[in-house]
Amino acid sequence: EPARELAGFFREFCAQAGGRALIAAESAGRREMLLDILRRQHVTPTPVERWSDFMAGDSPIAITVSPIVTGLLLETPRIALIAEEQLFGERVRQERRRRRPERDPEKIIRDLTDLNPGSPVVHEEYGVGRFLGLETLEVGGLTSEFLLLEYADGDKLYVPVQALDRVSRYTGSPAEMAPLHKLGTDAWQKAKKKAAQRAQDTAAELLDIYSRRAARAGERLSIEDAELRAFESAFRFEETPDQAQAIEQVIEDLRSGRPMDRVVCGDVGFGKTEVALRAAFVAVQAGKQVAVLVPTTLLAQQHYQTFADRFADWPVRVESLSRFRGQKEVAQVLAGLESGQVDIVVGTHRLLQSSVKFNRLGLVIVDEEHRFGVKDKERLKQLRAEVHVLTLTATPIPRTLSMAMGGLRELSLITTPPAARLAIKTFVSQWDGATVREACLRELRRGGQIYYVHNSVQTINKTARALAELVPEARIAVGHGQMRERELEQIMLDFYHQRCNLLVCTTIVESGIDVPSANTIIIDRADKLGLAQLHQLRGRVGRSHHQAYAYLLTPPRNAMTTDAIKRLEAIESLEELGAGFTLATHDLEIRGAGELLGEEQSGQIQEVGYALYMEMLERAVKALKSGKIPQLDEPMHQGPEVELHVPALLPDDYLPDVHLRLVLYKRIAAAATEEELRELQVEMIDRFGLLPQPAKNLFALAHLKQRARELGLRRLDIGPGGGSVTFAPDTRVDPGVLIRYVQQHSRTHRLDGGTKLRFTLDLEKEERRFAVAEELLTALAKPK
């Protein structure tokens, strides 16, 4: 509709006293997009390089690339200069430049990134095979590119790039454990059906929690905006765009009248705690109590300090409940919670015990939910139906993600690092005294502090003595979980106040206190730690604007397991800020989904792959939510086939990188809306230059496929002499509209049975085929 109005404006303006118009697009990609939009409305601007070219020419409408944001209108000569921002009402380029990096694990898994020859992939109709590469073949006189997959007994399958939405990377167990299906047998269909059944059971279980929550209206927690602004003003930093959005979403949830169940995902130090503080403030001001649940005593101490500091100027009582408190203090806190005198309590799983009674609990904030045991999670599950729940996590587990994807838990992502934050430089190497000494001295000389993680209590003191000999300049302290609470707390405080500058510790610091001056971490025997653990430990440093370093010390490569090598490669390659999400998906591949999703589902996930299983789960959830029975036998992507017999590919002289071509093919095939497709086209032109004709054809076919899917068509086939349209049984094309269309074009069009429309036309020229396809789909989309 806006495109039609735009075209109408240009026609009208140019018709008046010889008016001429020049459109200024923000980039070459945006220029091509605008040309495409206007051409469909039969308006064809002439591309020009500069203002003088436009003035010297005689075309009524021209288009150029210029960063201007406002236009002008001249009366003599009658000329309109129109900036793209005026057409769309926003600064498109800036919006795109600020766009967050893609961190959605589902997209990472489905995008076929990091795919090497021999990697397992899943084709939803044929099962798990092995990726061999991209092959360019000539079929029927046309050059096309295909994904080549190999199945059992060396059988080959060529998948056209337009159908890549049916292919996903196989994740769920290590690559060497992935199944290899045989083409032409029913083994894959059986495995898929079993997995779909399991997904349906899981969906029903998830929906049980969801319906209990939905049935009970949550309390509306809202406060005066002025109060909230006053609390916000105490935040010493400027919110990042993601952080501001997450805060807005949380406050909106609390005001909505439905029990909130939101997950805020963001890397260590990206500002999740501030989101929790704002939520707690809203709840307390609305007269409710807040419970902040954390996995470790040290973290409870830090959060307690943070909450107490931020609420110091408000009439709010903040308490903590952990091993650091004596019996008498604990009794006082419990009494205060029951009477309602305590507003906010920060504690470990002790908070979930039945002896803890709240007077008016309204909000539970859970930090790193995956660190809690099964019983704790069961208790949380009961709470979830009753009160508002906010979960904070750095590396989300797949169950959390799957619930968010299914719409059962809301998800907020914080992927923008705070201003001036630098990525942590990460090195993986064998233990070497000279390297360790150099790393320590570099940090000490700039007045910083060092964590040395040695995860064995038996040998930790011996390691500390060895370090004292190696780095006599350092003031060394030792901390581990088997110490008495008071002693450990004192050591942590000494380190915080810089009384010592090298802390030899176990992984107890994984979720420890914030020490901005600690900017080097050395992890001994890093091969023995999990990926999420390594990521969390690395996040202990780099909490300020200083460059931070992480040294992962390992034994020789041949003494490590394959999984350990993969983990270390993953963490070394993903040192950029905000990589927690990506690491969660790597963890899934390395460990397999069984450990993360529970043994019941792991068998099915290993059989069909995580991405396909999650898609099945999402479909089952959607069907059950709308009151339908999930159709387990239906193909997942029964998208229409669109064939116009034109070359449609990304030529290798335009984009030589095979890997990048593969990812872009996948993104084009998986684009769900016209807007997504346009943005992708703009991105490609800006990155790689103007699209060659075969690449334009690829985008045009993807656009037609989207339109055909909306109408419920099964196949659209147009060649030089005409073509046909095959309708799906549940087509949305109105029969009356179709019959009238055939009657109006009775010389060239006819119905063939109840499901096919055939037509005979001279369509030798390729552009004419696309025009006819567009006209036909527009005609069929008309209402009665």
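The values are calculated or read from the model by the stated rules, or taken from the named source; none is laboratory data. None of these values were measured; they are calculated from a predicted model. Note that each Cβ is placed from the backbone with ideal geometry, even for glycine, and that neighbours are counted across all protein chains shown. When the accessible area is computed, the model is the full protein with side chains, heavy atoms only, and any ligands, DNA or RNA have been set aside. Shrake-Rupley method; radii C 1.70, N 1.55, O 1.52, S 1.80 Å.
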Query raised in the report: Once region 514-572 is represented by equal point scatterers at the alpha-carbon sites, with solvent omitted, what log10 I(q)/I(0) does the Debye formula produce at q = 0.18, 0.30 Å⁻¹?
Result: -0.61, -1.25
Query raised in the report: What is the extension gain from Arg78 to Glu338, computed as 0.36 nm multiplied by their sequence separation minus the C-alpha to C-alpha distance, in nm to one decimal?
Result: 85.9 nm
Requested in this report: Rank by packing, highest mean first: peptides 122-131, 732-741, 78-87, with packing defined as the count of other Cβ atoms within 10 Å averaged across residues.
Outcome: 122-131, 78-87, 732-741
Query - Candidate lysines - alpha carbon under 18 Å from Lys666, same-chain residues fewer than 8 apart omitted - result: Lys107, Lys696, Lys705
**Report entry** Calculated Rg and Dmax of region 270-365 using C-alpha coordinates, Å
**Finding:** 12.1, 37
Report summary line: extent check for region 623-752: Cα max minus min per principal axis, descending, whole Å, gives 47, 47, 24
Query raised in the report: What ranking do 447-459, 469-481 get when scored by the average of other Cβ atoms within 10 Å per residue, highest first?
Result: 447-459, 469-481
**Report entry** Using a Förster distance of 56 Å, the FRET efficiency for Gln498-Asp652 (Cβ separation, nearest 0.05)
**Finding:** 0.45
Requested in this report: Starting with the highest mean, order 773-780, 686-693 by the number of other Cβ atoms within 10 Å, averaged over the residues of each peptide.
Outcome: 773-780, 686-693
Query raised in the report: How much accessible surface area, in Å² rounded to 10, belongs to the heavy atoms of His745 with a 1.4 Å probe?
Result: 70 Å²
Query - Exposure rank, largest accessible area first [His659, His545; 1.4 Å] - result: His545, His659
Query raised in the report: Roughly how many nanometres apart are two label points built 7 Å out from the Cα toward the Cβ at Asp53 and Phe235?
Result: 4.6 nm
Report summary line: Output for region 441-495 (equivalent-ellipsoid semi-axes, sqrt of 5λ from the C-alpha gyration tensor, Å, descending) is 21, 15, 8
